[in-house]
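The values are calculated or read from the model by the stated rules, or taken from the named source; none is laboratory data. Remember, it's a predicted structure, so these values are computed and weren't measured experimentally. Reconstructed Cβ throughout: ideal geometry from the backbone, glycine too, with neighbour counts over all protein chains shown.
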């Protein structure tokens with residue numbers, strides 16, 4: 001009696017399954033590595049480090065991004081006192097030890113400066129809209 005179709009034995013199926021599983025795992029690891037690199041690059045561009053979310057309080061992270069954005073994009077709208085406060089905050093937020101000592105009041109100071117600048121930007125935007133409507 002001859003067998004036309006032979007089924008693979010259990011060892012062959014296990015090797016194939018195990019090989020596919022190992023290949024998927026390594027590809028996912030590589031994809032995660034690439035994704036992590038892209039995320040870390042984006043975080044650096046907004047003034048944060050990759051471990052900022054695991055070690056910092058949320059207010060500190062928010063204030064850190066606000067200070068970076070204000071100093072890089074809206075420097076012309078800031079007063080000297082505001083610039084000094086934001087640079088002091090960035091200096092303190094640069095090291096892990098000092099970052100742990102940042103008080104909520106210092107974070108709220110940065111957030112208040114951000115709100116003030118946002119009001120100025122909105123006022124400028126509204127004035128531009130009115131000028132274009134009148135023209």
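Checking the conditions here, which among 113, 102 is assigned by TED's automatic domain parsing to the domain that holds residue 61 and part of a loop (DSSP other than H, G, I, E, B)?
Every option except 102 fails the conditions.
Among the residues of segment 60-90, the one identified as loosely packed, with under 14 Cβ neighbours inside 10 Å, more than 15 Å from residue 120 (Cβ to Cβ) and under 19 Å from the mean Cα position of the chain (by Cα) is 72.
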